[in-house]
Structures are given as structure tokens and as C-alpha cells.
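The next block holds one structure in the form of C-alpha cells; read it before the comments.
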Amino acid sequence: MSRQDAWIVDAAEVIYGDRIGIAERFVEHLVTTGIEWGLLGPREIPIMWERHVLNCAVVHELIPKGALVADVGSGAGLPGIALAIARPDVQFVLIEPLERRVDWLDLVIEDLELENVDVVRGRSEQVFDTVDVDIVTARAVSAMKSLVPMTVPLLHGQGQLLAIKGRSAATEIEKADKVLRKFKTKNSEVLTVGDELLEVPTTVARLTYGS
């Protein structure tokens, strides 16, 4: 952290508090084993904190205490592990189909001693019957039109999808109108989080289901 800009250090300390050391160890994995295992490219190393970890971690403020969260297409633990470190009061299920990525996630979870994270190998569509959560998260998985069918069934009619998106979030929601109606989406909105902490706030498409 000593090499990072002051605003990055401040944001990390606000988000992670006394768990900042665990977050630093996670980033160390991302820039070493994460690169070696091919989960991320070496060009991401200089921007790992702001572009990836903090970009994901600020979403924790949208997750209620005690929730059960499924992270679809977890890959390098973004946002799943980044969020799990910030929120030890929340249980996370990381859903990832690729064996190599699952092995890496297991390695990191064990090394960081995260007791609130489980990993399920498979496509989300394969675990609809066995996984029932309050919130689904996803980042860089697919456009909303395709993302909704592969995530919303995990809510079993009640909960929220939090999709970390870029500037195209509103357009994606518009293009997914028919799909949103098919899955009985109660409300859809585009939010920004981390406005006071990050130089570039995180954009989240939030879809709500049930009562």
C-alpha cells in the first residue's frame, strides 16, 4: 500500500478497516499467482487496487447484514473475494465453471483464512436448484440481456441482482426490457457507489425481485 496514491490508501482503509491486511494479501495474490495462473494480465498490476479491488469492494454498502450472496463467474475473486473480505458478516458462494480458476480461488480462500466463502464449480444454470440466495453479484460476465437468465433464477423469486457495469448500464437495461419483464423484474435502476472514495465511482445495475 505504501506505493499507492493517498486516495487509494484512504479508500482501502475506509472500506476494509482492521481487515486491510487481508485485502493486501489478496492483492498480492492477484499480482503474483493471479498473473501466473492466467486469471489476469500483467498490464493490470499497476491498477489492481483502483480498477479492480476497490471498484468491487465499494459495492459492499448495497449488501444488507447477514445476507447470502452468490457471485456468478467469480474468476479472480472479483467481486466475490473483494467483498467477502470487507463483509465478514455476509456469506458468499462463488460460482465458477473453470477448474483452473476454482483451484486458484480455493488456494486464495485457504491462504486468507476466509470462513465466509464457499466455491461451487459449475455454470450458474447447473446450480439453480441447489443455490438459493438473497443477492447475486456479477462483474464483466455478460450484457444484461444474457446476464439476467443466468443469475436471477438463483434468487428463487426474491432478492436483488447487483451487476457491476460501465457507462453502458442504462442502455443494457433498456435493451433487456423483454427479458426483465419475462423474469418479473420489480424494479431496475442504475446506481453509482464509492462517489466519495474513488476517483471513478463504480456503476451498478440493480434489479429487484419479489416483495
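Numbers at a glance
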| item | result |
| --- | --- |
| Residue identified as modelled with pLDDT of 95 or more, open to solvent by 20 Å² or more (accessible area, probe 1.4 Å) and in contact with a Lys or Arg (Cβ under 9 Å, 6 or more places away or on another chain) among P79, P88, P64 | P88 |
| Tally of residues being over 20 Å from E113 (Cβ atoms) and open to solvent by less than 70 Å² (accessible area, probe 1.4 Å) across the range 7-21 | 4 |
| Elements of type strands (runs of 3 or more DSSP E) in the range 140-211, at least 1 residues being at positive phi and open to solvent by less than 50 Å² (accessible area, probe 1.4 Å) | 159-165 |
| Condition check for I85: under 24 Å from V14 (Cα atoms) and among the hydrophobic types (A, V, I, L, M, F, W, C) | yes |
| Among the residues listed as V120, V127, the single one being open to solvent by less than 40 Å² (accessible area, probe 1.4 Å) and out of contact with any Cys (no Cβ under 6 Å at 6 or more places or on another chain) | V127 |
| Any hit, the range 42-53, residues being modelled with pLDDT under 95, over 12 Å from L78 (Cα atoms), in contact with a Lys or Arg (Cβ under 8 Å, 6 or more places away or on another chain) and not small (G, A, S) | yes |
| Test for R25: is it farther than 22 Å from H156 by Cα, out of contact with any Ser or Thr (no Cβ under 7 Å at 6 or more places or on another chain), open to solvent by 50 Å² or more (accessible area, probe 1.4 Å) and not in a helix (DSSP H, G or I) | no |
| Residue count for the range 130-139, restricted to those that are open to solvent by 30 Å² or more (accessible area, probe 1.4 Å), within 17 Å of Q91 (Cβ to Cβ) and in contact (Cβ under 8 Å) with a residue 24 or more places away in the chain | 2 |
| Cβ pairs under 9 Å, 6+ apart, first in the range 166-185 and small (G, A, S), second surrounded by fewer than 18 Cβ atoms within 10 Å (Cβ to Cβ) and assigned to a helix (DSSP H, G or I) | A176/K145; A176/S146 |
| Odd one out for D103, checked against (1) at pLDDT 95 or above; (2) touching a Ser or Thr at 6+ places or on another chain (Cβ under 9 Å) | (2) |
| Flag if R100 is without any contact (Cβ under 8 Å) to a residue 40 or more places away in the chain, among the basic types (K, R) and in a helix (DSSP H, G or I) | no |
| Unique match (being within 23 Å of N116 (Cβ to Cβ) and of a type outside the set (K, R)) among I63, I45 | I63 |
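The values are calculated or read from the model by the stated rules, or taken from the named source; none is laboratory data. All values derive from a computational prediction rather than experimental measurement. All Cβ positions, even for glycine, are placed from backbone atoms using ideal geometry, and neighbour counts span all protein chains on display. Areas reflect the complete protein model, heavy atoms only, side chains present, ligands, DNA and RNA absent. Shrake-Rupley method; radii C 1.70, N 1.55, O 1.52, S 1.80 Å.
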